[in-house]
Amino acid sequence: MTTQLASAPGASMSPPADTIRIYSTLSRTKSSLEPVTPGKIGIYLCGPTVYKPSHIGHMVGPVIFDAIKRFLVYSGYEVTFVVNITDIDDKLINESQARGITLDELAREMENDYRANLAAMGIDTIDHFPRATDNIVEIVQFIQDLVTKGFAYPAEGGDVYFDVSRDAEYGKLSGRDVASLQGEGGEMAGRKRNAADFALWKGAKPGEPSWPSPWGNGRPGWHIECSAMSRRLLGETFDIHGGGLDLMFPHHENEIAQSECCHGKPQAKYWLHNGLMQAADEVGKVGGRNTRAGESAEGNQAEQEAGKMGKSKGASPFRDLIKEFSPETIRFYLLSSHYRRPIYFSTARIGESATSLETFYRFFERFERVTGHSFYSLKPPARRMVSPTEPFDDPVWRQIEERRQRFIEAMDDDFNTGGAVGDLFELVRMLNRMIDSGKLEDPSARSAESVKLLQAGTLVLRELSAVLGLFQKPVEAPDAAANNELVEQLMALFIELRAEARASKNFALGDKIRNRLAELNITLTDRPSGTEWKIG
């Protein structure tokens, strides 16, 4: 049996019916995924306002929804994934003026930073990155439709506002009472009919970018941008709208009001809100199936926003964080709990994830020693409906199949990546025990059938980890010198000298060589095939 134990089935296979269940913030319930168009899924995720370098909080949503798309594709769906770029906003105007550059120069610089960080994190499933400034025509038309239908009104100064009193369901997403809402104060308050009315179009101010409209030159309000761009790319009703919990009100509440009043139908069938990044110092266990931390704050916008990390609270640029930790470590850390729970951030916690990942990396090395093949060269099936290999009449194989099914069930249950990560840990522990009990690292003791079973089990690990976007390629060594030819030669010399010392029964010198190398973070491992070394 070769390492390619099964061919990936074609994309034409139908998704399994009524297996995936999603919790929607709008309904406050979990229900079966029923797409607007059978076999197809549209996802819209609110992206960044590009006025400062992105930080780790900006990676939370993209990592989560990248994994969600991967799982939906794995389940047989054709998925269109949209992440918008807000490139016109008060924050951009203020920052561009402070730096003395144009708004467009600032926006492109920060968008490039954001997209470079997405690429570093292995997020390659996004199909569209619409910019607000590229959709002004669509935005103006959307606002005109609302004015014509009586849901919006022009005001003094070229502004246009949405009239919340015309929407009987306003507040249904956040559960807020319209009568208790306070709107923007200052100059804008005097132009509005109701305190809670919000701007769809803002009249031009001297020195600010503007575009023509029926109400005079101006620029769009924040909320209308997403309604217009989601309609253009995904239709009047699409499947999944995602974003951080901090966007539930007012942004998503206002999106719903605009879109549903304009079209007379739901904007999105399911509203998914991920938990926010919180500052924390303590180290938590990684890899358990049921992480209880954060349960009290799950779905609580006010509580999570109080501790939210962001630019205003000193979150460092993400490009600095990936100099300290590998992108795969950060991705693993972000997926190790349920997406609706808050994520407690500290470098100690990320370091704990790095330590946990070593369990997998050490196994990959063992697998290659036994089979002669790299874990990363395995070609798993691309769909859940096909077993990754032919079955084995072996109790260990039945345990592996059961673990695969539990992983799929975790992801079926509202995309529980935390539970799925726990199943990956259980699977790699099974495979390590298989190597140990079968003495598979000893060529003289292992059986061909045991090696085949290890290959099959490892292919399952490859299949499931790919669903989460993990272990897509070997992690680069933190120091390029680790692969330098001179270092290789020096290590060969140390190993040779140690072997000679041990052969002449000078065990003190052999131990000294090994211990001094350990102090330099270099580990020697004696195996039947010879002595191996690694950094770390």
Angle between the chain longest axis and helix 103-120 axis [Cα atoms, degrees, rounded to 10]: 30
Per-residue HN-Hα couplings for segment 247-264 [Karplus 6.51, -1.76, 1.60; θ = phi - 60°; Hz; x = Gly/Pro]: 8, 4, 9, x, 4, 6, 4, 6, 4, 4, 4, 4, 5, 6, 5, 6, 9, x
Portion, in percent, of the accessible area of the chain that falls on carbon or sulfur, probe 1.4 Å: 49
Largest-first ordering by accessible area, 1.4 Å probe, given options TRP271, TRP215: TRP215, TRP271
C-alpha long axis of helix 57-74 to longest principal axis of the chain, angle in °: 70
Segment 363-411: chymotrypsin sites (Phe, Trp or Tyr not before Pro) in DSSP loop, at most 10 other beta carbons within 10 Å: none
Cα Rg, Dmax (largest Cα-Cα span) when computed across segment 347-501, Å: 17.9, 59
Solvent-accessible area per residue for segment 307-435 (1.4 angstrom probe, square angstrom): 39
Cα-Cα P(r), segment 398-481, percent of pairs per 5 Å interval: 3, 13, 22, 18, 15, 13, 9, 5, 1, 0
Sites GLU532 and SER14, calculated FRET efficiency, Cβ-Cβ separation with R0 60 Å, nearest 0.05: 0.80
Prolate/oblate/rounded call for segment 380-435, Cα gyration tensor, a/c under 1.5 rounded: oblate
Expected 222 nm ellipticity per residue - DSSP helices of 4 or more, -39500 (n - 2.57), all of the chain, to 500: -13500 deg cm²/dmol
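The values are calculated or read from the model by the stated rules, or taken from the named source; none is laboratory data. This one's a predicted model, so the numbers in the text were calculated from it and none came from an experiment. Cβ atoms come from the backbone with ideal geometry, glycine included; neighbour counts cover every protein chain shown. In case anyone asks, the SASA skips ligands and DNA or RNA and just uses the protein heavy atoms, side chains included. Shrake-Rupley method; radii C 1.70, N 1.55, O 1.52, S 1.80 Å.
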